[in-house]
Amino acid sequence: MKYFFIAYAIIAALVIGLLPTRGSKSPNAPFRLFPDMDDQDKLKPQKPDGFFADGQGGRLPVHGTQALGFNPEGAAVIGGIPELEFGGGTGYYATGGIDGYYGNGMPEEIKLTDENVGAFLRRGEESFSINCAVCHGKSGDGQGITGQFGVPGIANLTDDTKKHAVYPDGRMFEVITNGKGQMGAYKHNIPLRDRWAIIAYVRSMQYARKAPYDAVKEAYDKGIAEQQAAATK
Ligand code: HEC
């Protein structure tokens with residue numbers, strides 16, 4: 001026991017002796033076991049920077065890029081509604097609910113017409129490919145790449161024996177907005193309008209999967225003919 005106390009006292013003295021006195025100033029950079037991002041190269045506003053050939057620190061937008069929220073064309077083609085709206089409203093369009101129940105169908109805000117429905121579906125396809133296909137697969141069958149890396153239980157969105165494939169649009173809106181299980185929430189990432197576009201696109205995939213042959217005959221035959229032509233080349 002005596003040796004324990006002696007060893008204890010020596011260690012305590014060492015620890016106290018080696019620890020720098022808190023609050024005192026030192027010209028050296030502090031030692032950080034886990035540096036996180038406290039200390040990193042950065043650029044101060046309006047200052048030059050040698051990294052770029054022209055020595056200019058502040059950069060202009062890359063040629064051809066478009067500022068977020070500034071897509072006049074998108075606003076014009078799809079119902080004339082703002083491209084970037086993420087919530088805040090109380091109606092069906094912003095919540096997917098009507099009087100406490102999930103609603104079904106596309107909200108009237110989108111003002112779907114025969115003319116703009118194609119652009120709306122293409123928008124849905126684009127946003128689905130960006131946000132959902134990694135997990136749910138390009139065709140919505142749940143076979144996205146992340147499944148191979150361990151994300152479990154990804155829903156097959158086109159299997160209509162599952163209730164999530166047939167429940168109302170408003171409920172799918174709710175799932176995209178707030179997430180479910182391993183699936184994250186998209187309320188801060190996908191604008192309201194695009195959430196509806198995704199739902200419309202998922203519906204079109206579900207339909208395409210079980211569409212009667214007559215309805216798709218022309219496109220199907222064309223696809224087969226193209227494949228055969230490519231194969232015999
Ligand atoms: C990180 C992978 C991942 C991404 C990305 C993802 N999901 Fe999911 N999704 C899941 C998983 C896992 C489930 C099963 C969740 C559960 O039932 O617990 C699921 C379930 C669903 C369901 C069924 C929910 C229910 O009520 O059973 C829908 C609808 C859905 N996802 C749509 C989407 C849409 C639309 C997107 C793109 C905006 C998306 N998901 C993006 C992983 C993902």
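Taking Q56, is it part of a loop (DSSP other than H, G, I, E, B), open to solvent by less than 90 Å² (accessible area, probe 1.4 Å), at pLDDT 75 or above and farther than 28 Å from D114 by Cα? Let's see the steps before the verdict.
Working: part of a loop (DSSP other than H, G, I, E, B): yes; open to solvent by less than 90 Å² (accessible area, probe 1.4 Å): yes; at pLDDT 75 or above: yes; farther than 28 Å from D114 by Cα: yes.
In short, yes.
Take the residues in the stretch 63-85 that are of a type in the set (A, V, I, L, M, F, W, C) and surrounded by 15 or more Cβ atoms within 10 Å (Cβ to Cβ); name whichever of them is modelled with the highest pLDDT. Please lay out each step first, then the result.
Initial filter on the stretch 63-85 (of a type in the set (A, V, I, L, M, F, W, C)): 67-68, 70, 75-78, 81, 84.
Within this subset, residues satisfying the condition of being surrounded by 15 or more Cβ atoms within 10 Å (Cβ to Cβ) are 75, 77-78, 81.
Values: A75: 56, V77: 52, I78: 58, I81: 63.
Here the residue is I81.
Could you tell me whether D221 is within 11 Å of the ligand (Cβ to nearest atom) and either free of Cβ contacts under 8 Å to residues at least 40 places away in the same chain or in a helix (DSSP H, G or I) (or both)? Please lay out each step first, then the result.
Numbers: within 11 Å of the ligand (Cβ to nearest atom): no; either free of Cβ contacts under 8 Å to residues at least 40 places away in the same chain or in a helix (DSSP H, G or I) (or both): yes.
So D221 does not fit the description; no.
Residues being acidic (D, E) and either within 18 Å of D160 (Cα to Cα) or within 16 Å of the chain's Cα centre (by Cα) (or both): count how many of those fall in the stretch 182-233.
Matching residues across the stretch 182-233 total 1.
Taking the stretch 201-218, which residues are closer than 20 Å to D141 by Cα, among the hydrophobic types (A, V, I, L, M, F, W, C), out of contact with any Ser or Thr (no Cβ under 7 Å at 6 or more places or on another chain) and in a helix (DSSP H, G or I)?
The answer is V202, A208, V216.
Tell me which residues, restricted to the stretch 98-116, are part of a helix (DSSP H, G or I) and surrounded by 15 or more Cβ atoms within 10 Å (Cβ to Cβ). Explain how you work it out, then say what you get.
Of all residues in the stretch 98-116, those part of a helix (DSSP H, G or I) come to 108-110.
Once the filter is applied, which keeps residues that are part of a helix (DSSP H, G or I) and surrounded by 15 or more Cβ atoms within 10 Å (Cβ to Cβ), the stretch 98-116 yields E109, I110.
Got at least one residue in the stretch 126-138 being in contact (Cβ under 8 Å) with a residue 40 or more places away in the chain, within 28 Å of Y101 (Cα to Cα), within 11 Å of the ligand (Cβ to nearest atom) and surrounded by fewer than 16 Cβ atoms within 10 Å (Cβ to Cβ)?
Checked the stretch 126-138: no residue is in contact (Cβ under 8 Å) with a residue 40 or more places away in the chain, within 28 Å of Y101 (Cα to Cα), within 11 Å of the ligand (Cβ to nearest atom) and surrounded by fewer than 16 Cβ atoms within 10 Å (Cβ to Cβ).
Filter the stretch 156-181 down to residues that are modelled with pLDDT under 95 and among the small types (G, A, S) and give me whichever is farthest from the ligand (Cβ to nearest atom).
Going through the qualifying residues, I end up with A165.
Which residues, taken from the stretch 182-206, are in contact (Cβ under 8 Å) with a residue 40 or more places away in the chain and more than 9 Å from the ligand (Cβ to nearest atom)?
Of everything in the stretch 182-206, those that are in contact (Cβ under 8 Å) with a residue 40 or more places away in the chain and more than 9 Å from the ligand (Cβ to nearest atom) turn out to be K187, H188, P191, L192, R193, W196, A197, A200, S204, M205, Q206.
Name the residue that is surrounded by the most Cβ atoms within 10 Å (Cβ to Cβ), counting only residues in the stretch 139-150 that are within 10 Å of the ligand (Cβ to nearest atom) and in a loop (DSSP other than H, G, I, E, B).
G140
Run down G170, G153, G179 and say which single residue is farther than 20 Å from V117 by Cα and either surrounded by 15 or more Cβ atoms within 10 Å (Cβ to Cβ) or touching a residue at least 12 places away in the same chain (Cβ under 8 Å) (or both).
Details: G170 fails: farther than 20 Å from V117 by Cα; G179 fails: either surrounded by 15 or more Cβ atoms within 10 Å (Cβ to Cβ) or touching a residue at least 12 places away in the same chain (Cβ under 8 Å) (or both).
The match here is G153.
The values are calculated or read from the model by the stated rules, or taken from the named source; none is laboratory data. Since the model is a prediction, treat every value here as computed from it, not as a measurement. Neighbour counts run over all protein chains shown; Cβ positions are idealised from the backbone, glycine included. Just the protein is used for accessible areas: all its heavy atoms, side chains included, with ligands, DNA and RNA removed. Shrake-Rupley method; radii C 1.70, N 1.55, O 1.52, S 1.80 Å.
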